[in-house]
Structures are given as C-alpha cells and as structure tokens.
C-alpha cells in the first residue's frame with residue numbers, strides 16, 4: 001500500500017473534520033483563566049524566551065565574522081576572543097534555558113493542579129444522575145490522563161513553540177535585510193508545509209480521540225473487574241473476563257498503532273519539504289557567492305540560519321501529536337467542567353437550623369428516564385416519631401423514595417416538603433445534614449481509619 005493510499009484510507013475513516021486552528025484557539029480560551037491566575041512565572045519565562053531567541057541568532061554571526069574577517073586577514077589574535085564569545089553565549093543560553101524550563105514547569109504544574117482540583121470539585125457537585133450514566137474508569141482517565149495531556153502542552157510544548165516563534169522572527173528579519181531574494185526562495189516551501197500540517201492535524205485529532213476512548217474503556221474494565229473480583233471468582237468467570245480484557249487491550253493497541261502510523265507518514269513529509277528548501281538556498285546562494293553578491297561568510301551564516309529555521313519546523317512536526325492529544329484531552333475535561341447539575345440549589349436557599357421531622361410527598365411523579373415512570377401520583381406523609389417501612393418488589397421505588405427525600409433527584413411533578421417547606425427552597429448541605437442514610441452496601445474509604 002502506498003503512502004498516499006494510507007493517508008486516504010485514514011482520511012476516509014476519520015469522521016471528525018473540525019478545524020484544528022479553531023480547536024487550538026478554543027483550548028486556549030478555556031485555559032486562559034488558569035493562565036491569568038499564574039501569569040507572573042509565565043511573564044518572566046516569556047522575557048527569558050525572547051532573550052534566548054536573540055542568543056540563538058548570535059552564533060551564526062560569529063561564524064560569519066570568522067570566515068569573512070579573521071581568516072582572510074589572518075588575525076589569529078582574535079581567535080581567543082571568538083572562542084570566548086562562543087563559550088559565553090553557550091553559558092548564557094544554558095542559564096536561560098534552565099530559567100525557562102523551571103518557570104514554565106512551575107507555570108504548567110500550577111495549571112494542572114488548578115484544573116484537576118476544579119474538575120474534582122465540580123464532579124462532587126454534580127447530581128447523582130450524572131454518576132449513574134458515567135463509568136468510574138472513564139472519569140479516572142479524564143482526571144488523570146486527560147488533565148496531564150493539557151499539562152504537557154502547557155509545561156513544555158508552549159515554551160518550545162514560543163522559543164521557536166521568536167527565533168524564526170528574529171532570523172527571518174535578518175535574512176530579509178541581508179538577501180530578500182534568497183529569503184523568498186527559502187520560504188517557498190512553507191505554504192505547503194503549513195497546508196500539510198493542517199491536513200494531518202485534523203486526521204491525527206480523530207485518531208487520538210479514538211486512543212483516549214479506548215484507554216478509558218480499558219480503565220473501566222479494570223475498575224469494574226478488580227472492585228468486583230469476589231463476584232467474578234464466585235461464578236468462575238475469570239477466563240471470560242481475561243478474554244474481554246485481552247480484546248479491549250488489543251483495540252487500545254490497534255488505535256495507538258493507527259495514530260502512530262499517521263504521525264510516521266507526516267514526519268518524513270515535513271523533512272522532505274525542509275530539505276528541498278535547504279537545497280534551493282544552497283544552490284542559489286552558491287551562485288550569488290560566485291557572482292560576488294554574497295560573501296562566503298554570509299552564505300555560511302545564511303545556511304546556519306536555514307538550519308535554525310528548519311529545526312523549529314521539524315520540532316513542531318513532532319509536537320503536533322502532543323498538541324492533538326491535548327486538544328482531545330481538553331475536550332474530555334471541559335465536557336465535564338461545562339456540565340450543570342440537574343438538582344440545583346437556589347441562590348436564596350433556606351438553611352435548616354432545626355427539624356421537627358414532618359415529611360410529605362404530595363402527588364409526586366418521578367422516573368429516572370423519560371417515559372419510564374417509577375412513582376406515579378405518589379402521596380405520603382411521615383409525621384415526627386413515626387417508623388415507616390416501605391414494602392414492595394424489586395424496582396417498585398422503595399429506594400427512590402429515600403433518594404427523593406434526600407433530594408438526590410427532583411420529581412417531574414408534585415412536591416416534597418419537610419416541616420411544610422419545599423425541598424427545592426432548602427440548601428442541600430443543611431437538608432442532608434439532618435438526614436441519616438444507612439446504605440445497603442458496606443463502604444470504607446481508604447485512609448479514613
């Protein structure tokens with residue numbers, strides 16, 4: 001199968017054609033609040049990044065000066081100064097890189113911590129209905145893996161992108177002022193590079209979305225089977241669960257292979273385009289040296305700058321997979337953060353200070369799903385001091401009554417009152433602090449004893 005056929009095959013299987021540029025913009029709009037909260041380390045890192053870009057542009061100038069001035073005039077006394085300049089630039093670059101790495105790591109880790117904490121806090125505030133429609137393994141994957149994917153982009157990749165952007169700007173300005181014709185030949189292949197990046201970016205985003213979904217499926221299976229291992233062993237289902245896990249693990253592996261295959265095609269394509277640009281500059285630059293329009297030192301500096309420009313492009317082609325992972329991760333994280341609880345507390349909710357214990361259900365109608373009514377025109381009054389036992393077959397709604405009393409759900413019709421106050425008018429914390437619920441399951445959270 002040819003490379004073009006592989007690309008076309010993956011393109012046909014990718015249902016998501018969302019524009020990558022818009023997706024990146026939306027990602028940064030979502031995390032802007034967290035960036036602003038930690039703006040100080042980011043600001044200092046940005047200053048260091050600008051200094052780094054300038055430092056990286058100095059080495060080719062030292063090379064040009066050596067070739068055009070020192071060697072022709074045989075000024076050997078200048079060589080120690082040149083070596084010292086290179087050494088000083090290297091030391092300063094190392095110090096600046098340390099500062100950039102530390103500050104961006106501090107910046108990124110704080111953002112990861114804030115997003116993870118906000119997500120966990122938000123999950124705790126969602127209604128019970130949310131948890132009944134979510135797998136625990138999937139939530140764990142979102143809290144850990146998807147948040148970390150965003151963090152990887154913020155911690156390392158943004159710093160690399162900013163360094164590359166400022167470096168390319170500094171170099172392009174120099175190249176245009178030195179030889180604008182040769183500079184235009186250099187950027188001749190850039191439009192095609194940008195186009196290929198956009199095309200592959202769309203495809204890779206869909207591929208990595210599938211990877212994250214398969215990873216969540218594996219986590220779900222692990223959580224379900226390990227937490228219920230006693231039941232599995234009681235029924236002798238070990239072999240069945242092992243086969244199921246092998247199947248899900250294989251699907252996860254295959255989705256990773258598909259994403260890797262796509263990225264493996266993209267990377268050599270970018271290399272070829274970069275090499276074409278370098279070859280064009282070498283050929284026409286050599287001709288300009290021959291006709292006297294450029295010095296050998298200027299051509300050497302020009303080629304060094306071409307290499308410096310190509311490195312960011314090549315590095316970005318590697319980084320595109322991390323960007324796509326972060327985009328997919330952000331979708332899964334902010335999908336949860338943007339959810340609203342079904343049971344909402346009023347802004348002016350009343351705080352219960354004391355409770356007599358008069359509980360009323362008045363013409364309550366409730367169903368967990370639309371069209372599937374569990375309680376219909378249900379009326380009940382429990383007076384203080386009464387002991388009431390609800391008797392019925394499984395699924396008749398006994399537990400549902402208790403859940404409605406704790407306002408884990410709101411009825412579709414009717415109302416529930418405690419001491420003649422509608423539960424919708426009472427703050428959730430104060431209501432539940434006056435209730436005692438004895439669960440059918442024994443649960444002991446790790447670290448609570």
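Looking at region 341-353 only, could you name the residues that are assigned to a loop (DSSP other than H, G, I, E, B) and surrounded by 10 or more Cβ atoms within 10 Å (Cβ to Cβ)?
341, 342, 343, 344, 345, 346, 349, 351, 352 - these are the residues of region 341-353 that are assigned to a loop (DSSP other than H, G, I, E, B) and surrounded by 10 or more Cβ atoms within 10 Å (Cβ to Cβ).
Looking at 231, 173, which is the one that is over 21 Å from residue 280 (Cβ atoms), free of Cβ contacts under 8 Å to residues at least 60 places away in the same chain and more than 26 Å from the chain's Cα centre (by Cα)?
From the options 231, 173, the qualifying one is 231.
Could you say whether any residue in region 6-19 is assigned by TED's automatic domain parsing to the domain that holds residue 94, touching a helix residue (DSSP H, G or I) at 6+ places or on another chain (Cβ under 9 Å) and at pLDDT 75 or above?
No.
Given the residues 213, 254, 247, 241, which is the only one that is touching a helix residue (DSSP H, G or I) at 6+ places or on another chain (Cβ under 6 Å) and part of a helix (DSSP H, G or I)?
241
Can you name the number of the only condition in (1) in a helix (DSSP H, G or I); (2) surrounded by fewer than 17 Cβ atoms within 10 Å (Cβ to Cβ); (3) without any contact (Cβ under 8 Å) to a residue 60 or more places away in the chain that residue 299 fails?
(2)
Scan region 167-183 and tell me whether some residue there is closer than 28 Å to residue 109 by Cα, in contact with a helix residue (DSSP H, G or I) (Cβ under 8 Å, 6 or more places away or on another chain) and in a helix (DSSP H, G or I).
Scanning region 167-183, I find at least one residue that is closer than 28 Å to residue 109 by Cα, in contact with a helix residue (DSSP H, G or I) (Cβ under 8 Å, 6 or more places away or on another chain) and in a helix (DSSP H, G or I), so the answer is yes.
Could you pull out every one of the helices (runs of 4 or more DSSP H) wholly within region 57-145 that has 1 or more residues that are out of contact with any helix residue (DSSP H, G or I) (no Cβ under 9 Å at 6 or more places or on another chain) and in contact (Cβ under 8 Å) with a residue 24 or more places away in the chain?
In region 57-145, 79-125, 128-132 are the helices (runs of 4 or more DSSP H) which contain 1 or more residues that are out of contact with any helix residue (DSSP H, G or I) (no Cβ under 9 Å at 6 or more places or on another chain) and in contact (Cβ under 8 Å) with a residue 24 or more places away in the chain.
Can you pull out every residue in region 395-424 that is out of contact with any strand residue (DSSP E or B) (no Cβ under 7 Å at 6 or more places or on another chain) and assigned to a loop (DSSP other than H, G, I, E, B)?
Correct list: 395, 396, 406, 407, 408, 410, 419, 420.
The conditions are (1) farther than 30 Å from residue 232 by Cα; (2) without any contact (Cβ under 8 Å) to a residue 24 or more places away in the chain; (3) touching a helix residue (DSSP H, G or I) at 6+ places or on another chain (Cβ under 7 Å), and residue 265 fails exactly one of them. Which is it?
The one condition residue 265 does not meet is (2).
Which of the residues that make up region 354-399 are loosely packed, with under 10 Cβ neighbours inside 10 Å, in contact (Cβ under 8 Å) with a residue 12 or more places away in the chain and in contact with a helix residue (DSSP H, G or I) (Cβ under 6 Å, 6 or more places away or on another chain)?
Listed by number, the list is empty, since nothing qualifies.
The values are calculated or read from the model by the stated rules, or taken from the named source; none is laboratory data. The structure displayed is predicted, hence computed values, not measured ones. Because the Cβ atoms are built from the backbone with ideal geometry, glycine has one as well, and the counts that use them run over all protein chains shown.
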